[in-house]
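Asks: Below is one structure. I have some questions about it.
The values are calculated or read from the model by the stated rules, or taken from the named source; none is laboratory data. The structure presented is a predicted model; accordingly, all values stated were derived computationally and were not measured. No Cβ is skipped: glycine too gets one built from the backbone with ideal geometry, and neighbour counts run over all protein chains shown. To get the accessible areas, we keep the full protein, side chains included, count just its heavy atoms, and leave off ligands, DNA and RNA. Shrake-Rupley method; radii C 1.70, N 1.55, O 1.52, S 1.80 Å.
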Amino acid sequence: MAFLALDNLSKRFGTQTAVDGLSLGVEKGEFISLLGPSGCGKTTTLQMIAGFVEPSSGAIRLEGEDLLAVKPAKRGLGIVFQSYALFPHMTATENVAFGLEMQGIAAAERARRVADALELVGLGAFAARYPRQLSGGQQQRVALARALVIRPRILLLDEPLSNLDAKLREEMQIELRQIQRTVGTTTILVTHDQAEAMALSDRVVVMNKGRAEQIATPLEAYEHPATAFVASFLGKTNLVNGVAVRPERIAFAAAGLVGTVRTRIFQGNHWLYQVDTASGLVTVIRQNTGDAMPEEGAAVHLVWEARA
Amino acid sequence: MKSTPYLLALPALLLFAAIVIVPLGMTVVLTFHDWGQYKGIEPVFILKNWREVFSDSYYAEMFERTFRIALLVTLFSAVFGAPEAYILSRMRSPWRGIFLLVILGPLLISVVARTLGWALLFGGSEGLVNKALMELGLIDTPLPFMFTETGMVVALVHVLMPYMVLSVWAALQRLDPQVENAAIALGAGPFTVMRRIVLPQAMPGILSGAVIVFALAASAFATPAIIGGRRLKVASTLAYDEFLNTLNWPLGAVVAVLLLVALVIIVVGANRLVERRYGQVFR
Ligand SMILES: Nc1ncnc2c1ncn2[C@@H]1O[C@H](COP(=O)(O)OP(=O)(O)OP(=O)(O)O)[C@@H](O)[C@H]1O
Ligand SMILES: [Mg+2]
């Protein structure tokens, strides 16, 4: 029996189905990502687990207990909202302490745990600041500390990194993963960024139109996409004669599919090619090894390993 | 050109000076003039009027009444207006507009009609309000309305409440509903969410609403004039009487200037307090 079990979960808003028969088992300590395009029902799923949206049908069980019978305030889940939802009139310390106050933790222990949590997210020096006086990344970390400090049974993260710039996002991804490893909290992350999902998760749930198209490890979903949607959503893909081939699996060789290089783009650690062939335009990604590569207009031959 | 903005502001400045600064200055000068029943106003410099106002307990009582009424009106406006604003901010599209109109309604009705309406509602032992209160056992004898502070407070709360509601509503507009959800998820009950999360965020709105309501209540004229008449006077009706009935302009000027100075001190002080308390939290 899974730690957290979503059983045939559905949510309809009027005539529209936001989540459609989603079933998912999450193991204790696991890091799971809900991945999919905008409007596919990720937030709705998360809000149903949190208790702020009532499912139209289906069940949610946490450690065998019916979670839908428990009030949101009693579920003991840590949530980081997309907008952070920090309490604007409280300092970072007061924000983090709020959940412990609600649990009736004594002042001394509370102070110690709040300080530890802020230290964990690297904000020890900012404890006395109000949210307005913190950068987006710092606010996000306060929200994370606030969710973690109550030692939640599950950590729910709704696109927590989407407001950050690329560099900070990458740093925060590494930090988030490290924190999750250290604390060991079962985590569900909502994101529409496939790179983020693959970088962080033990397993990804690729969602489309309210349904789970595939639930698998990132590597498995990438290498063996269950549907055409999953293949196209997880990175670039070529369809050559009806077969899906990843661009980085295609190599230049002495013989193979004949083509002409249309464009060649240098991207630092790799080259990105667009090659005209009899089967249409093919995208090729090659590692930059420092060797000379075919130029634009050159005639090339493409080969790839056949895969299931 | 550097002076252009100043030149552009000049017409407005001149108008401001002409209709505010100059009459105000003249009023202040007036407070030092002498006045007699038969000789009228004499342009001399004496402190007689100021002495009279500060030595006669009648004036102290009257100012006390003015500010007591203003304080009560502010208090009731906040107690009723803030929850009203919260409910309003949670309403959906058609209802919000309708109820906003209901709240702004009093501002659209003539002060005479409104006050008369209240007088009828109380209206001795036969009035609806008095009947209801007596039925409920809250009072034994009918509450008098005309010529009482109760009447003034009730009528002023009615007309000044919209300012409080709008001010709090504006503050609540910035409130992210997810913030309340965040508090709930951390284990807070509805009462705690209200007290610890919503109220503190509405506080700047309540305080600025209170400043507006207090200033308007303390300087209100029409409502106290109709309800209090010449029997129960507040600062503004007293000044009016001195100007237009007794014709003792210098004394009326002292009352008017004192009211203005007191209000400016209170309003500026309250603003300072709000700034100091909430400056770093909200922008
Ligand atoms: N309260 C609501 N009332 C009506 N429809 C809703 C409501 N909440 C969500 N929906 C609809 O349900 C669908 C799923 O919404 P949801 O917010 O779960 O998407 P999402 O996957 O989180 O998208 P995004 O990546 O843009 O945040 C959308 O089509 C949305 O319009
Ligand atoms: Mg969403």
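Asks: Would a scan of segment B:217-237 turn up a residue that is under 16 Å from the mean Cα position of the chain (by Cα), surrounded by fewer than 18 Cβ atoms within 10 Å (Cβ to Cβ), farther than 20 Å from residue B:28 by Cα and more than 12 Å from every other protein chain (Cβ to nearest Cβ)?
Replies: yes
Asks: Let me ask another. Being open to solvent by less than 90 Å² (accessible area, probe 1.4 Å) and either of a type outside the set (Lys, Arg) or touching a residue at least 24 places away in the same chain (Cβ under 8 Å) (or both) narrows it down to one residue among B:86, B:58; which is it?
Replies: Among B:86, B:58, only B:86 is open to solvent by less than 90 Å² (accessible area, probe 1.4 Å) and either of a type outside the set (Lys, Arg) or touching a residue at least 24 places away in the same chain (Cβ under 8 Å) (or both).
Asks: While we're looking at this one, here's another question. Just one of (1) modelled with pLDDT of 90 or more; (2) open to solvent by 60 Å² or more (accessible area, probe 1.4 Å) trips up residue A:239, so point out which.
Replies: (1)
Asks: Follow-up question, since we're still on this one. Give segment A:1-42 a look and list any residue that's of a type in the set (S, T, N, Q) and either over 20 Å from the mean Cα position of the chain (by Cα) or buried (at least 19 other Cβ atoms within 10 Å of the Cβ) (or both), or say none.
Replies: To start, the set of residues in segment A:1-42 that are of a type in the set (S, T, N, Q) comprises A:8, A:10, A:15-17, A:23, A:33, A:38.
Matches in segment A:1-42: A:8, A:10, A:15, A:16, A:17, A:33.
Asks: Take residue B:148 and decide whether it is more than 16 Å from the chain's Cα centre (by Cα) and open to solvent by less than 80 Å² (accessible area, probe 1.4 Å).
Replies: Against the criterion (more than 16 Å from the chain's Cα centre (by Cα) and open to solvent by less than 80 Å² (accessible area, probe 1.4 Å)), residue B:148 qualifies.
Asks: If you don't mind, another one. Got a number for residues in segment A:72-110 being more than 8 Å from every other protein chain (Cβ to nearest Cβ), of a type in the set (Gly, Ala, Ser) and buried (at least 19 other Cβ atoms within 10 Å of the Cβ)?
Replies: Residues in segment A:72-110 being more than 8 Å from every other protein chain (Cβ to nearest Cβ), of a type in the set (Gly, Ala, Ser) and buried (at least 19 other Cβ atoms within 10 Å of the Cβ): 2 in total.
Asks: Against the conditions (1) away from ligand 1 (no atom under 16 Å from the Cβ); (2) open to solvent by 50 Å² or more (accessible area, probe 1.4 Å), where does residue A:163 fall short? Just the number, please.
Replies: (1)
Asks: I've got another one for you. Looking at segment A:47-66 only, could you name the residues that are within 16 Å of ligand 1 (Cβ to nearest atom) and open to solvent by 10 Å² or more (accessible area, probe 1.4 Å)?
Replies: A:47, A:51, A:52, A:53, A:54, A:55, A:56, A:57, A:58
Asks: If you don't mind, another one. Of the conditions (1) modelled with pLDDT of 85 or more; (2) closer than 25 Å to residue B:221 by Cα; (3) part of a helix (DSSP H, G or I), residue B:10 clears all except one; give me its number.
Replies: In the conditions (1) modelled with pLDDT of 85 or more; (2) closer than 25 Å to residue B:221 by Cα; (3) part of a helix (DSSP H, G or I), residue B:10 misses (2) alone.
Asks: Of all strands (runs of 3 or more DSSP E) completely enclosed by segment A:1-109, which ones contain at least 2 residues that are under 18 Å from residue B:187 (Cα atoms) and within 16 Å of ligand 2 (Cβ to nearest atom)?
Replies: A:78-80
Asks: Looking only at segment A:147-205, which residues are closer than 26 Å to residue A:232 by Cα, more than 14 Å from the chain's Cα centre (by Cα) and of a type in the set (Lys, Arg)?
Replies: Selection gives A:167 alone.
Asks: Tally up the residues in segment A:277-296 that are of a type in the set (A, V, I, L, M) and open to solvent by less than 70 Å² (accessible area, probe 1.4 Å), please.
Replies: 4
Asks: Now for a different question. Quick one: count up the residues across segment A:141-183 that are acidic (Asp, Glu) and either within 16 Å of ligand 2 (Cβ to nearest atom) or within 14 Å of chain B (Cβ to nearest Cβ) (or both). Break it down stepwise before answering.
Replies: Narrowing segment A:141-183 to residues acidic (Asp, Glu): A:158-159, A:165, A:170-171, A:175.
If we keep only those that are either within 16 Å of ligand 2 (Cβ to nearest atom) or within 14 Å of chain B (Cβ to nearest Cβ) (or both) as well, we get A:158-159.
The number of residues fulfilling the criteria is 2.
Asks: Within segment B:188-203, restricting attention to residues that are hydrophobic (A, V, I, L, M, F, W, C) and open to solvent by 60 Å² or more (accessible area, probe 1.4 Å), which residue is farthest from the other protein chains (Cβ to nearest Cβ)?
Replies: Only one residue tops the list, namely B:194.
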